[in-house]
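Notes to accompany the following structure.
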Amino acid sequence: MPLTTGADRLALIHSDEPVVIQLDHDEPDGPGIATSSNSQPSMVARMLRLLSVEDGHRVLEIGTASGYVAALLSRRLGDSAVYSVEVDPGLAHHAVAVLRAAGYRPNLACGDGERGWPDQAPFDRIVATCALREVPHALVRQLTPGGALVAPIGPRLLERRAGAAHGGRCAASGRFHGGASYMPMRSHRPPCAAPVDDTTARPVEAAVDPRAMLSLGFALPAGRPVVSLGPVVRNGRPPRALPVRRAPRGPPCCTGRRTTAEVPMTGRVGKTRNIFLVWLIWPLITLGIYHLVWYYKVNREARDFDERIDVRPGMAVVAIALGWILIVPPFISVYNTGDRIARMQRAAGMTPTCNPWIGLILVFVFSLHTLYYQQELNRIWALHGNRPEGEHVSLAV
C-alpha cells in the first residue's frame with residue numbers, strides 16, 4: 001500500500017522489514033518488478049557482525065542502493081575507509097545526496113560491483129548487499145591476506161576468509177551462516193525469458209503416474225511457509241509477484257576470462273601451545289587435571305579441523321581417565337589420538353610425521369606422549385601461519 005503520511009513513512013523506516021526503493025529500474029510503464037531495496041535491518045546486523053570490522057580496516061560494499069549500509073560503515077570506520085559501488089546511476093546519485101545530507105561522505109562509484117574497485121584495492125573487508133550466484137574471483141583478489149568477504153550466495157549467507165597468495169594465485173574459504181534473501185546482482189540475474197507460445201497445443205505424456213507423487217515426501221515442502229515482503233508502492237503502481245528463477249552465470253569479468261573462486265574443504269585452526277607447559281608445568285599445578293582438559297581439546301581440534309575424523313572428545317577423555325581399570329582402553333585411545341593427528345597433517349598437505357606407535361611408547365617414558373603430540377599439532381598450526389584459534393583454513397586434501 002502507498003505511504004500517505006509522514007507517520008507511515010517513519011513506521012516503515014523503523015520497522016524490521018526490507019523496503020523496496022525501486023521498481024523496473026525506474027523505467028516508465030514497467031511490469032512493477034522490484035529491482036532494488038533497503039535491506040532488513042536485522043539482516044544487515046547479521047552481515048556486519050560476520051564482517052567483524054576493526055579500527056583501520058578499509059571496506060568495500062557491493063550495492064550502495066539507499067546508502068544505509070555505507071552510512072553505518074562510515075559511522076564505524078570513518079568516511080575515508082568506506083568504498084561503495086552501485087551499478088544503477090539513478091540510485092548512485094540518490095545515495096550521494098542522502099548520505100551528504102546525513103553528514104557522511106564515503107567513497108562512492110557507479111559501476112559493476114562484480115569487478116569490485118581494483119583501483120582502490122586491497123580491502124580488509126568486502127560485503128555484498130546483493131545475491132551472487134558465485135563469488136567473482138576479482139573480489140577475492142582484492143582482499144588482503146586474512147581479509148573477509150560476506151555475501152549472500154543464492155538463498156544463503158556466506159562468510160569467506162582470504163588466504164595468503166601462492167604463486168600468483170589467491171583463494172578464499174569459508175562457511176554458510178543461515179539463510180539470506182537478497183535481490184540478485186544485475187550481472188547475475190537471468191535474461192528475459194522468450195515469450196511463451198500459448199496458441200499451439202502440445203500434448204505431452206507423463207512418464208510418472210501423478211498418483212505416485214502424492215506421498216509424504218512430496219507433501220512436506222508444500223507445508224513450508226511463504227514469506228511476503230510487502231513492497232512499497234511507488235508512483236501509485238501496485239506491486240506484482242516476483243518470479244523465482246535460477247540465475248545463470250554472469251558476463252566475463254574485467255580480465256575477459258571468467259574465473260571463480262573454488263570452494264575447498266575447510267577446517268578450523270587449533271591452538272598453538274608451549275610443549276613444556278603442556279607436558280609438565282600445567283599438569284603439576286593442576287594436580288593432573290590439565291592433562292584431561294588438554295586431551296579433550298586436542299581431540300576436539302581434530303574433529304573441527306577435518307570433519308572426516310570421527311571422534312567424540314568426551315569419550316576419549318573417559319577412556320583415558322577411567323579406562324585404567326580395564327588397562328586396555330587408555331592405550332587404544334592414545335594410539336587413536338596419534339593416528340588422528342597424522343590424518344590432520346595429511347589433510348593440511350603435510351607428509352605425516354606423527355607416529356601413533358611412538359606416542360604409545362612415550363606413555364611409559366614420563367608421559368612424554370603429550371609433549372610429542374602437541375609438537376606435531378604445532379607443526380600443523382605453523383603451516384597455516386599460527387592463525388587465531390577457530391579461524392577457518394582450506395584443507396589440501
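The values are calculated or read from the model by the stated rules, or taken from the named source; none is laboratory data. Because the structure is predicted, anything quoted here is derived from the model rather than measured. FYI the Cβ positions are ideal-geometry reconstructions off the backbone, even for glycines, and counts take in every protein chain you see.
Among the residues of the stretch 11-52, those that are out of contact with any strand residue (DSSP E or B) (no Cβ under 7 Å at 6 or more places or on another chain), modelled with pLDDT of 80 or more and among the aliphatic types (A, V, I, L, M) comprise Ala11, Met43, Val44, Ala45, Leu48.
Out of Ala81, Ala65, which single residue is among the small types (Gly, Ala, Ser), closer than 19 Å to Leu132 by Cα and assigned by TED's automatic domain parsing to the domain that holds Ala138? Answer to the selection: Ala65.
Checking each residue of the stretch 338-356 against the condition of being assigned to a loop (DSSP other than H, G, I, E, B), in contact (Cβ under 8 Å) with a residue 40 or more places away in the chain, out of contact with any Pro (no Cβ under 6 Å at 6 or more places or on another chain) and surrounded by fewer than 14 Cβ atoms within 10 Å (Cβ to Cβ) gives at least one match. Of all the listed residues (Thr286, Thr266), the sole one being under 17 Å from Glu301 (Cβ atoms), modelled with pLDDT of 70 or more and hydroxyl-bearing (Ser, Thr, Tyr) is Thr266.
Go through the stretch 357-368 and give me each residue that's assigned to a loop (DSSP other than H, G, I, E, B) and not aliphatic (A, V, I, L, M).
So the first thing to find is which residues in the stretch 357-368 are assigned to a loop (DSSP other than H, G, I, E, B), and the list is 363-368.
Within the stretch 357-368, Phe364, Phe366, Ser367 meet the criteria.
For the subset of the stretch 295-313 comprising residues that are in a helix (DSSP H, G or I) and out of contact with any helix residue (DSSP H, G or I) (no Cβ under 6 Å at 6 or more places or on another chain), which member is farthest from Met344 (Cα to Cα)? Per the stated criteria, the residue is Lys297. Thr5 falls short on exactly one of the conditions (1) modelled with pLDDT of 80 or more; (2) out of contact with any strand residue (DSSP E or B) (no Cβ under 9 Å at 6 or more places or on another chain); (3) more than 27 Å from Phe123 (Cα to Cα), and that condition is (1).
Residue by residue, here is whether (1) touching a Phe, Trp or Tyr at 6+ places or on another chain (Cβ under 8 Å); (2) among the hydrophobic types (A, V, I, L, M, F, W, C); (3) part of a helix (DSSP H, G or I); (4) buried (at least 20 other Cβ atoms within 10 Å of the Cβ) holds:
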{"position": "Arg105", "(1), (2), (3), (4)": "no, no, no, no"}
{"position": "Glu114", "(1), (2), (3), (4)": "no, no, yes, yes"}
{"position": "Asp119", "(1), (2), (3), (4)": "no, no, yes, no"}
{"position": "Asp124", "(1), (2), (3), (4)": "no, no, no, yes"}
{"position": "Val127", "(1), (2), (3), (4)": "no, yes, no, yes"}
{"position": "Glu134", "(1), (2), (3), (4)": "no, no, no, no"}
{"position": "Leu139", "(1), (2), (3), (4)": "no, yes, yes, yes"}
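Scanning the stretch 346-374 for residues that are over 21 Å from Leu280 (Cα atoms) and hydroxyl-bearing (Ser, Thr, Tyr), we see that the one that is farthest from the chain's Cα centre (by Cα) is Thr353.
Just one of (1) surrounded by fewer than 19 Cβ atoms within 10 Å (Cβ to Cβ); (2) in contact with a strand residue (DSSP E or B) (Cβ under 9 Å, 6 or more places away or on another chain) fails for Asp55. It is (2).
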